[in-house]
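Notes follow once the structure below has been shown.
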Amino acid sequence: MALRLRKLSYALGAEVCDIDVAWPMGERQFGEIYKAFLDHGILLFRNQDVTREQHIEFSRRFGELDRHEALPRDRHPQYPELLMVTNEPKSDGSPSDTQYTGRQWHSDMSFTTAPSLGSLLKSYAVPEVGGDTLFANMTLAHDALSEGMKKLIANLHGIHLSGTRKLANDNTGIERMAEQKRINPPVAQPVARVHPETGRKALYIGEKVKRFDGMTEDESRPLIDTLVRHATRPEFVYRHQWKKNDILAWDNRCVMHQALGDFDETQLRHMERTTVLGAPSGYVVGGG
Ligand code: OGA
Ligand code: MN
């Protein structure tokens, strides 16, 4: 049966209709899904009331999963393949470590030398309004640059830092950040990255980028800001309004995203993510 797709926005994304991701799926049907993933950058599967095991199993179809050694505090204690994104306080009442995950433009695991191919985020609880996520099509953004700018960035590498997220208003945030720095030294990634499967160039930049390799922070900042502002123009962006039991799969090699935090933080927002490992990219930078 042919897939039924519905576009989510002008720039990117498609909903895959009438599908249950827990249903056994042949190679042919998954092949169609994977092709749609490459074509649209984001796939939405609605009403997926599936177990954690089923979320993990479906994700494995996309490739080998990250066990989140780079983010040890954020994974599920029993399922290392699941990264928690939740504002539910810990059992001792202290704030969740992951309540501010994703609150800046980024691509998952860009601060490692095995940045993610894609992520599959499932929503378990969503606030009454808001808690949306923005996504930007970095292939379109790259293509829309002038030839002069494409040339200028062609050989640049951006230095990505982990642990730049907004911090909880207490010491745990500072400890966390120090730990993140120890586990994940700065990594340089090409600013214009060739997608290994489509062969198309995409901007690979975001708010975890501190400077360009070989340049100072002061020299780098204006161009980083210009590129992020360019890439996040409304015509390149899709804004996802979550419903419970959505699974959203995105291609981290050509899409960046940001959690907005546009919701009442006293309400529960609970998501769980699998992360598909990508091809090696980038190099560790001594001294940051
Ligand atoms: C993520 C992430 C955004 C959100 O899970 O990688 O950035 O809106 N989440 O929760
Ligand atoms: Mn993310």
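The values are calculated or read from the model by the stated rules, or taken from the named source; none is laboratory data. All values reported here derive from a predicted model rather than from experimental measurement. Backbone-built Cβ (ideal geometry, glycine too); neighbour counts: all protein chains shown. Protein only, heavy atoms only, side chains kept; ligands, DNA and RNA dropped before computing areas. Shrake-Rupley method; radii C 1.70, N 1.55, O 1.52, S 1.80 Å.
Filtered by the rule that a residue be open to solvent by less than 30 Å² (accessible area, probe 1.4 Å) and either away from ligand 1 (no atom under 16 Å from the Cβ) or of a type in the set (G, A, S) (or both), segment 59-99 gives S59, G63, A70, S96. With respect to being open to solvent by less than 70 Å² (accessible area, probe 1.4 Å), under 18 Å from the mean Cα position of the chain (by Cα) and hydrophobic (A, V, I, L, M, F, W, C), A178 falls outside the description. Across segment 262-274, a minimum of one residue is classified as within 15 Å of ligand 1 (Cβ to nearest atom), under 10 Å from the mean Cα position of the chain (by Cα), outside any loop (DSSP other than H, G, I, E, B) and not acidic (D, E). Scanning segment 100-117 for residues that are within 11 Å of ligand 2 (Cβ to nearest atom), among the hydrophobic types (A, V, I, L, M, F, W, C) and either farther than 23 Å from V285 by Cα or buried (at least 22 other Cβ atoms within 10 Å of the Cβ) (or both) yields one hit, M109. Among residues of segment 258-288 being open to solvent by less than 60 Å² (accessible area, probe 1.4 Å) and acidic (D, E), the one that is nearest to A125 (Cα to Cα) is E272. Contact map, segment 33-49: residues that are among the basic types (K, R) paired with residues that are part of a loop (DSSP other than H, G, I, E, B), Cβ distance under 6 Å, separation 6+ or inter-chain. Pairs shown: R46/D246. Between L140, L120, the distinction of being within 16 Å of ligand 2 (Cβ to nearest atom) and not small (G, A, S) belongs to L120 only.
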